[in-house]
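J.: One structure is given below, represented as structure tokens, and several questions about it will come after.
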Amino acid sequence: MSTVSEAFGKARAEDRAALVGYLPAGFPDKSTAIRAALAMAEAGADVIEVGLPYSDPLMDGPVIAEAVYRALRAGTRIADVFDTVQAIAAAGTAVVIMTYWNPVDQYGTDAFARDLMNAGGAGLITPDLTPEEAAPWLEASDKYGLDRIFLVAPSSPEHRIAEITAVCRGFVYAVSLMGITGTRDMVNSGAATLVRRTREHTSLPIAVGLGVSNREQAAEVAGFADGVIVGSAFVRRLSAAPGPDAAVTAVRDLTADLAQGTRRR
């Protein structure tokens, strides 16, 4: 059983949804990104997504896209991503990398999977990789015992949800709405329907992402999903902080608030 599966199992045993938090590696700098991720884990995040900075982040809204751009301008490389993963894993928290496929392909799929395993990472979230094109990753993830987290969306027909969930391991990422990442005033009404539809095809935990930014929204998602994924709200806190210490504190405070929301009453 992977550390991600263990994290979701622990949350289920405590009658709550797992909190999955996203932060890009190298933003606002490497050290602060690691400190913020560790603070996130200490404050109640069950799984950390480390974003691999990429020059063409098609799914990312302006908040994350700007952070990724700044991380790249500062010289963040894949080695820095693995260092970040290693620091989080060493602290005892489940950690996955969120990445577009091109960097993995350029690095070499087998080598990337090997180095991710050696860093203590549990797997990958791959938003732009389809099952039909995933053979090298499926092989490498089997070889190194890594989770593979694919995305389902409200537009996915039943046969497509079945195909996607059949190759998932760890959890299924349910995109709450069609569009890019970013905070929203409310959770999309189709999210609960997508989770219900996805449950018909898999026994894996299902976590909902895109748009959750506060305790009330986390509580709403926790009412129908196994996990709550938050990204842009954390990155916005980092961006607005006047310095590294304030950035870490802001992430810790938001995590604690969101974690309260995931506890079912």
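J.: Is it the case that segment 137-144 has a residue that's outside any helix (DSSP H, G or I) and at pLDDT 95 or above?
T.: So far as segment 137-144 goes, no, none of its residues is outside any helix (DSSP H, G or I) and at pLDDT 95 or above.
J.: Quick check on GLY21: is it touching a residue at least 60 places away in the same chain (Cβ under 8 Å), of a type in the set (Gly, Ala, Ser) and either over 19 Å from PHE150 (Cα atoms) or in a helix (DSSP H, G or I) (or both)?
T.: No; evaluated as a whole, the condition is false for this residue.
J.: Going through LEU151, LEU177 one at a time, which residue ends up being within 11 Å of LEU210 (Cβ to Cβ), surrounded by fewer than 23 Cβ atoms within 10 Å (Cβ to Cβ) and at pLDDT 95 or above?
T.: Only one candidate passes the filter, namely LEU151.
J.: Next question. Condition test on VAL235, is it modelled with pLDDT of 95 or more, within 18 Å of the chain's Cα centre (by Cα) and part of a strand (DSSP E or B)?
T.: The answer is no for VAL235.
J.: Take the residues in segment 96-114 that are over 19 Å from the mean Cα position of the chain (by Cα) and assigned to a helix (DSSP H, G or I); name whichever of them is surrounded by the most Cβ atoms within 10 Å (Cβ to Cβ).
T.: The residue in question is THR109.
J.: Okay, next question. Residue check, GLU49 against (1) of a type in the set (D, E, K, R); (2) touching a strand residue (DSSP E or B) at 6+ places or on another chain (Cβ under 9 Å); (3) farther than 20 Å from GLY145 by Cβ, all met but one. Which one?
T.: (3)
J.: I'd like the full set of residues that are buried (at least 19 other Cβ atoms within 10 Å of the Cβ) and either over 14 Å from the mean Cα position of the chain (by Cα) or part of a loop (DSSP other than H, G, I, E, B) (or both), limited to segment 202-218.
T.: LEU204, PRO205, LEU210, GLY211, VAL212, SER213, GLN217, ALA218
The values are calculated or read from the model by the stated rules, or taken from the named source; none is laboratory data. Remember, it's a predicted structure, so these values are computed and weren't measured experimentally. Cβ coordinates were reconstructed from backbone atoms using ideal geometry, including for glycine residues, and neighbour counts include every protein chain displayed.
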